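Report on the following structure.
Bear in mind that the values in this text are calculations on the coordinates, not laboratory data. Since the structure is predicted, the reported quantities are computational estimates derived from the model, not experimental observations. Cβ: placed from backbone, ideal geometry, glycine included. Neighbour counts: every protein chain shown.
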Amino acid sequence: MHPLEPISPRSRVLLGILFFVLFIAGWSFATFGGFVSKTFLADPLTMLQDGWLLLTKQGFLWDIAITVWRVVGGFILASLVAVPLGIAMGAYKPIEALLEPFVSFARYLPASAFVPLLILWAGIGETQKLLVIFIGAVFQIILMVAVSVSATRRDLVEAAYTLGAGDNGIVRRVLIPANAPDVAETLRLVLGWAWTYVIVAELIGASSGIGYMIINSQALLATGQIIFGIIVIGVIGLISDFAFKSLNRWLFAWRLA
Amino acid sequence: MPDNSELVMKGVSRIFPGVRGGQPTEALRPTDLTIERNDFVSILGPSGCGKSTLLRIVAGLDRPTTGTVTLEGQVIRGPGADRGMVFQSYTLFPWLTIRDNVAFGLREKGVPERQKWEIVDSYIDKVGLRGFENHWPKQLSGGMQQRTAIARAIANNPKILLLDEPFGALDNQTRGLMQELLLGIWEREQKTVIFVTHDIEEAIFMASRVVTMTARPGRIKSITQVPLPHPRHYTVKASPEFSELRLKLTEEIRGEAIEAATHG
Ligand SMILES: Nc1ncnc2c1ncn2[C@@H]1O[C@H](COP(=O)(O)OP(=O)(O)OP(=O)(O)O)[C@@H](O)[C@H]1O
Ligand SMILES: [Mg+2]
């Protein structure tokens with residue numbers, strides 16, 4: 001093992017799986033060994049049983065679908081607003097001067113703290129859930145996109161100018177393609193955060209969704225269900241992250257070449 | 001003034017404001033220079049004497065502090081497709097294939113598809129990159145990238161071609177081949193070229209006139225005609241006329257190089 005030395009894909013996968021095995025082993029040891037009370041932490045088998053019941057008897061699939069729809073919906077709305085704004089800010093300094101201070105401020109407003117306010121404004125319907133995610137994601141995306149667009153290599157911009165590109169051409173044919181991979185990476189990151197916001201939104205004032213199931217199970221002391229819910233979130237996150245990464249790698253092959 | 005003069009610089013100077021409260025840098029003393037149509041002019045000078053600054057002003061990427069540059073009587077106010085540039089650093093667009101890189105300017109001009117690809121492919125041939133059309137820039141060596149950059153600039157058919165030490169980072173052999181390649185293209189196509197370099201042999205071999213510059217603050221020190229006939233073959237570098245020119249220019253540049261090295 002030397003710094004930055006690559007490892008084979010096989011060992012990478014094996015090592016990755018190994019840690020999951022260790023984690024589950026530790027968990028089994030703590031629960032089956034009787035070191036932790038069943039009330040506080042269910043063992044892996046109970047968790048799977050509870051999960052199965054949730055899926056087959058209590059319509060948990062529907063909750064999963066609702067939550068996914070909220071995350072994706074809020075995230076897409078935020079991206080549609082934030083990506084063009086971020087590009088405009090990065091490209092045109094007056095727009096940056098106008099918006100940057102406010103966006104930097106707004107990005108530190110915790111989305112979860114908006115939940116009570118949004119319930120007052122938008123009720124406890126879907127609009128409120130989408131808004132929580134929107135608020136949590138939009139400012140982050142704007143800022144990160146603006147930063148990467150500002151940092152575009154100047155010599156590439158100058159080369160495009162000497163090839164006859166106008167301002168419009170610079171934005172469309174240099175700034176956007178040059179930063180597309182960074183923008184995609186930003187979106188992938190923020191999608192991960194959106195999962196946190198949706199659960200918070202569903203813990204308060206919701207009647208469906210994974211977060212709602214979790215808060216319900218707390219009242220029933222069903223820790224198996226809670227853990228199953230958390231793991232489902234993790235697995236969906238892992239899948240969407242993997243899909244996003246593969247898509248980026250396919251779209252931006254020039255980066256890896 | 002004869003009609004043939006294409007590019008005219010009058011009293012062009014550039015002073016960069018001081019960095020963090022320091023002294024302003026006088027990069028270029030007021031300079032006059034006239035370049036004729038289809039002339040190939042080398043600009044030779046020690047590092048830091050303002051060669052890139054001069055070229056960037058002609059390209060319209062930088063503004064002169066005083067003076068004006070006119071191209072065919074039009075004052076230059078910004079960059080444009082009529083002045084193609086090959087930069088000192090590698091500036092291919094990494095997200096475009098070699099073919100799309102060469103096509104960049106033509107697409108911006110709105111040249112019809114078929115004609116565009118004909119031009120692009122002919123220049124890819126001329127710089128010897130057939131077979132690499134669909135590679136990304138990263139997959140090419142430095143020399144191949146600079147050849148692509150030259151093709152990209154010429155395919156756009158600029159009135160004047162500006163080259164800023166395009167072969168500076170290449171090894172000697174590759175450099176020699178690239179000089180012949182560029183000279184061959186120039187001999188066939190006839191173009192106005194300004195070629196910046198700090199290599200004396202390269203300056204003579206390529207040009208019909210060599211302009212030398214003083215150490216910073218840069219200004220023109222001398223202009224030397226190169227009466228070697230075209231087409232030039234690399235063996236011309238061994239001829240007595242060539243050696244004579246080299247000796248003359250070496251002496252002129254030597255003092256400046258010492259100046260530049262001791263006073264930064
Ligand atoms: N943007 C800038 N701001 C401040 N000073 C600058 C700037 N660009 C260039 N200079 C200064 O102007 C002088 C000339 O720079 P220039 O890049 O034109 O030199 P050069 O002749 O091209 O050198 P080289 O052969 O090393 O490329 C240098 O002393 C440099 O420090
Ligand atoms: Mg330079």
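With all pairs of separate Cα atoms included, segment A:59-251 yields a Kirkwood hydrodynamic radius of 18.2 Å. Think of segment A:59-251 as a dipole: +1 on every Lys or Arg Cβ, -1 on every Asp or Glu Cβ, centred on the Cα centre; then among A:S240, A:L251, A:I64, A:L251 lies furthest on the positive end.
Look at the stretch B:90-102: the mean tally of other chain Cβ atoms within 10 Å of its residues' Cβ atoms is 4. Over chain B, dividing the summed -39,500 (n - 2.57) contributions of all DSSP H runs of at least 4 residues by the number of residues returns a 222 nm mean residue ellipticity of -12000 deg cm²/dmol.
Remark: mean inter-chain Cβ contacts per residue of B:74-85 equal 3, using a 10 Å Cβ-Cβ cutoff to other protein chain atoms. Within segment A:68-106, which residues have the backbone N less than 12 Å from the label spot 7 Å out from A:A243 along Cα→beta-carbon, could you tell me? Within reach of a label on A:A243: A:68-69, A:72-73. Across segment B:27-94, what fraction of all alpha-carbon pairs, as a whole percent, falls in each successive 10 Å bin from zero upward? Going out from 0 Å in 10 Å bins, segment B:27-94 shows 16, 52, 29, 3 percent. So which residue, out of A:A88, A:A42, A:A122, gets the largest mean-square fluctuation from a GNM of chain A using Cα contacts under 10 Å as springs? Comparing A:A88, A:A42, A:A122 in a Gaussian network model of chain A, the most mobile one is A:A122. Each of A:I236 and A:V81 was given a label point 7 Å from its Cα along the Cα-to-Cβ line. The distance between the two points is 2.2 nm. Close amide-amide hydrogen proximity is noted between B:T68 and B:K10, B:V12, each under 5 Å apart and 5 or more residues distant or on a separate chain (H modeled in the peptide plane; Pro and chain starts excluded). Sorting the segments A:196-203, A:246-253, B:247-254 by their mean number of nearby beta carbons within 10 angstrom, highest to lowest, gives A:196-203, B:247-254, A:246-253. Computed about its Cα centre, the charge dipole of segment A:59-251 is approximately 180 debye, with only Lys, Arg, Asp and Glu carrying charge at their Cβ. Amide H to amide H, with H built 1.01 Å from N, B:E6 comes under 5 Å of B:I35, B:E36, B:R37, counting only residues 5 or more places away or on other chains. Summing Cβ point charges (Lys, Arg +1; Asp, Glu -1) relative to the Cα centre of chain B gives a dipole of roughly 580 debye. Dipole check for the protein assembly as shown: with +1 at the C-beta of Lys and Arg, -1 at the C-beta of Asp and Glu, and the Cα centre as origin, the magnitude is about 320 Debye. Projection of the Cα convex hull of the protein assembly as shown, averaged over all directions and equal to a quarter of that hull's surface, yields 34.0 nm². For the residue pairs A:K245/B:K109; A:K129/A:K245; B:K51/B:K191; B:K126/B:K159; B:K116/B:K138, the C-alpha atoms sit more than 29 angstrom apart in A:K245/B:K109. The separation of segment B:125-169 from segment B:79-100, counted between C-alpha centres, amounts to 8 Å. Computed over chain A, the per-residue total of -39500 (n - 2.57) for DSSP H runs of n ≥ 4 gives a 222 nm mean residue ellipticity of -26000 deg cm²/dmol, rounded to 500.
Applying 1/(1 + (r/R0)^6) with r as the Cβ-Cβ distance of A:R188 and A:F23 and R0 = 30 angstrom yields a FRET efficiency of 0.80. Within segment B:119-151, which residues have the backbone N less than 12 Å from the label spot 7 Å out from B:D100 along Cα→beta-carbon, could you tell me? Counting only backbone N, you get B:134-137.
Distance from the alpha carbon centroid of segment A:149-203 to that of segment B:1-70 works out to 35 angstrom.
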